[in-house]
Amino acid sequence: MSPTTIPLRLAVQLEPSRLTVRLQNDTASAVRVWDPANSWGGAAWSVVVGAAGARHAHELRPNKQPYTVNLPRCIEVVAHGAEEIVLEPGGLAWTFGEDLSALAEIALDVRVVLDIVASKEAAAQRVATGRTESRKPRSQPPHTWLFRAASAGG
């Protein structure tokens with residue numbers, strides 16, 4: 001894991017058909033991060049998946065979102081509070097860059113990464129910059145949270 005510079009803890013909850021991320025703020029100040037449903041969030045949030053115990057992993061990002069309006073929306077986690085978001089890496093808005101079908105029937109290590117680059121938009125919206133990532137829970141097949149389209153047709 002890389003050093004954490006955004007003061008939030010990310011906890012991944014893998015359910016059969018969804019991936020939920022709990023953002024926990026243990027500080028005395030609110031923390032704002034980009035909502036994944038805009039271009040800033042699409043660049044900041046990723047889901048990293050790989051065969052259990054393997055070194056090679058695939059990084060998935062929500063960067064194929066069909067925008068009609070792109071607003072700098074944020075998620076604010078109040079002091080000593082928490083928020084939950086649902087990520088949909090099996091959806092059409094997420095890119096893979098390579099064929100993941102070999103992962104469909106094996107155990108996967110999964111982690112969520114939030115990596116926000118400093119920018120004028122981040123400063124204007126008071127968004128935290130830096131990086132934080134979750135631990136790696138293990139997902140057992142069929143991974144419908146990732147392979148939703150394939151399982152929906154079968």
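The values are calculated or read from the model by the stated rules, or taken from the named source; none is laboratory data. Predicted model, so just to flag it, every value in this text is computed and none were measured. Methodologically, a virtual Cβ is constructed for each residue, glycine included, from the backbone with ideal geometry; neighbour enumeration extends over all protein chains shown. These accessible areas exclude ligands, DNA and RNA; they are computed on the full protein's heavy atoms, side chains included. Shrake-Rupley method; radii C 1.70, N 1.55, O 1.52, S 1.80 Å.
Show the residue pairs that are 6+ apart or on different chains and have beta-carbon atoms under 8 Å apart, the first residue being within segment 13-36 and open to solvent by 60 Å² or more (accessible area, probe 1.4 Å), the second being of a type in the set (S, T, N, Q) and modelled with pLDDT under 95.
Once the first residue is open to solvent by 60 Å² or more (accessible area, probe 1.4 Å) and sits in segment 13-36, its partners that are of a type in the set (S, T, N, Q) and modelled with pLDDT under 95 give P16/T144; S17/T144.
Provide a single number: the residues in segment 121-140 that are open to solvent by 50 Å² or more (accessible area, probe 1.4 Å) and either in a loop (DSSP other than H, G, I, E, B) or farther than 30 Å from P7 by Cα (or both).
Residues in segment 121-140 being open to solvent by 50 Å² or more (accessible area, probe 1.4 Å) and either in a loop (DSSP other than H, G, I, E, B) or farther than 30 Å from P7 by Cα (or both): 5 in total.
With the structure loaded, tell me whether E59 is modelled with pLDDT of 95 or more and not polar (S, T, N, Q) or whether it fails that test.
Criteria not met by E59.
Inside segment 61-116, can you point out the residues that are open to solvent by 50 Å² or more (accessible area, probe 1.4 Å), in a loop (DSSP other than H, G, I, E, B), within 18 Å of V21 (Cα to Cα) and among the aliphatic types (A, V, I, L, M)?
Result: V78, single match.
Name, by its number, the condition in (1) closer than 20 Å to H143 by Cβ; (2) in contact with a strand residue (DSSP E or B) (Cβ under 8 Å, 6 or more places away or on another chain); (3) in contact (Cβ under 8 Å) with a residue 40 or more places away in the chain that does not hold for W40.
(1)
Name the single residue that is nearest to A79 (Cα to Cα) among those in segment 1-22 being part of a strand (DSSP E or B) and over 11 Å from the mean Cα position of the chain (by Cα).
For segment 1-22, the residue satisfying everything is R9.
Among (1) without any contact (Cβ under 8 Å) to a residue 40 or more places away in the chain; (2) within 15 Å of the chain's Cα centre (by Cα); (3) closer than 15 Å to V127 by Cα, which single condition is R73 missing?
Unmet condition: (2).
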